[in-house]
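One structure is given below, encoded as structure tokens.
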């Protein structure tokens, strides 16, 4: 049995924050934000609109239309977006399923931070292969830009965080003329020594919400030891990206020489180039750099794939790699064989 990708969609808010504006708010040089961090602008949400469920639903409706399906056809709705969502300790997946009208689906959530897209595809594919369900909708959204303090230099590597949503439809054994891609194998690796390097100090059981945590600004993302994190992450990040890429490719019957397009998490411009060159692909022709979006957690892969496809960089017969990493720290990859339906 094959598992096919039959539709996808994405959504970004209209409001934009430019690299120059981030530089002004943070005190960083504009060249550092735009060129080094690789963010010309990003989409951000107004406080009262575009909650995670709203963005996920907008992307889901586009994905369902692309697949030629109705919400009632779904057996699974899997939300793999941000835990910072409409409410805390709450199922966004259930709300999304209800609002879409997915009356025949069960709803659940998967959270691997920014490594979430390949992991969620892997999880859904496994359920489709054992025929637990025959159609799955994967939805994601983030607005973690809300959690940034641009005056906190320790968290500057997250100043590229933007907002958006994405969705894709996976089906068990769809007709060949309905397949955009066949979903092949995945890989992931975690180094838990980074588990507490990026935190929101206030609001959990360790430091419950109080007037003091709110007044102290503890409900924003922070990096307690940025120099230590950078020193420990630098030697392992590239090898771990390459490890999961190679494993997913090998398990799918491919190698780096077979790669045609890589849809990868937004990262600083120089590392993006280094990673793709190590994989043996052209950073300009065989990928899409998200400098018009910034980093949108597990939304990145669908947007990069869509932008690459629109530019003619993804064609029938291509081997596509969804590649991601997220704090914690997990690296993940999934292989697609593009059909182009």
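The values are calculated or read from the model by the stated rules, or taken from the named source; none is laboratory data. A quick note: this is a predicted structure, and the numbers were derived from the prediction, not measured. No Cβ is skipped: glycine too gets one built from the backbone with ideal geometry, and neighbour counts run over all protein chains shown.
The set of residues in segment 1-15 being under 24 Å from the mean Cα position of the chain (by Cα) and loosely packed, with under 15 Cβ neighbours inside 10 Å consists of 14, 15.
Among the residues of segment 224-243, those that are out of contact with any strand residue (DSSP E or B) (no Cβ under 8 Å at 6 or more places or on another chain) and either assigned to a loop (DSSP other than H, G, I, E, B) or surrounded by fewer than 16 Cβ atoms within 10 Å (Cβ to Cβ) (or both) comprise 225, 227, 228, 230, 231, 234, 235, 238, 239. Can you pull out every residue in segment 89-108 that is within 20 Å of the chain's Cα centre (by Cα), surrounded by fewer than 18 Cβ atoms within 10 Å (Cβ to Cβ) and in contact (Cβ under 8 Å) with a residue 24 or more places away in the chain? Correct list: 108 only. Against the conditions (1) over 22 Å from residue 305 (Cβ atoms); (2) in contact with a helix residue (DSSP H, G or I) (Cβ under 9 Å, 6 or more places away or on another chain); (3) surrounded by fewer than 19 Cβ atoms within 10 Å (Cβ to Cβ), residue 48 satisfies every one except (2). State whether one or more residues within segment 39-46 are in a helix (DSSP H, G or I) and touching a strand residue (DSSP E or B) at 6+ places or on another chain (Cβ under 6 Å). Within segment 39-46, none of the residues are in a helix (DSSP H, G or I) and touching a strand residue (DSSP E or B) at 6+ places or on another chain (Cβ under 6 Å). Of the listed requirements (1) part of a loop (DSSP other than H, G, I, E, B); (2) buried (at least 16 other Cβ atoms within 10 Å of the Cβ), residue 204 misses just one: (2).
Scanning segment 109-124 for residues that are part of a helix (DSSP H, G or I) and touching a helix residue (DSSP H, G or I) at 6+ places or on another chain (Cβ under 8 Å), we see that the one that is surrounded by the most Cβ atoms within 10 Å (Cβ to Cβ) is 117.
State the number of residues belonging to segment 207-221 that are under 19 Å from residue 151 (Cα atoms) and either in contact with a strand residue (DSSP E or B) (Cβ under 6 Å, 6 or more places away or on another chain) or assigned to a loop (DSSP other than H, G, I, E, B) (or both). Break it down stepwise before answering.
Here is the first cut: in segment 207-221, the residues under 19 Å from residue 151 (Cα atoms) are 213-221.
When the remaining residues are screened for being either in contact with a strand residue (DSSP E or B) (Cβ under 6 Å, 6 or more places away or on another chain) or assigned to a loop (DSSP other than H, G, I, E, B) (or both), the result is 216-221.
Looking only at that region, the number is 6.
If only one of 31, 35 is free of Cβ contacts under 8 Å to residues at least 24 places away in the same chain and in a helix (DSSP H, G or I), which one is it? Within the list 31, 35, the selection yields 31. In the set (1) in a loop (DSSP other than H, G, I, E, B); (2) free of Cβ contacts under 8 Å to residues at least 60 places away in the same chain; (3) buried (at least 20 other Cβ atoms within 10 Å of the Cβ), residue 275 fails one condition alone, (1). On the stretch given as segment 286-341, residues that are closer than 18 Å to residue 143 by Cβ, assigned to a strand (DSSP E or B) and touching a helix residue (DSSP H, G or I) at 6+ places or on another chain (Cβ under 6 Å) total 1.
Can residue 94 be described as at pLDDT 95 or above, assigned to a loop (DSSP other than H, G, I, E, B) and farther than 16 Å from residue 299 by Cβ? So residue 94 fails the test. Applying the criterion of being modelled with pLDDT of 95 or more and either assigned to a loop (DSSP other than H, G, I, E, B) or not assigned by TED's automatic domain parsing to the domain that holds residue 167 (or both) to the residues of segment 128-144, the residue that is surrounded by the most Cβ atoms within 10 Å (Cβ to Cβ) is 143.
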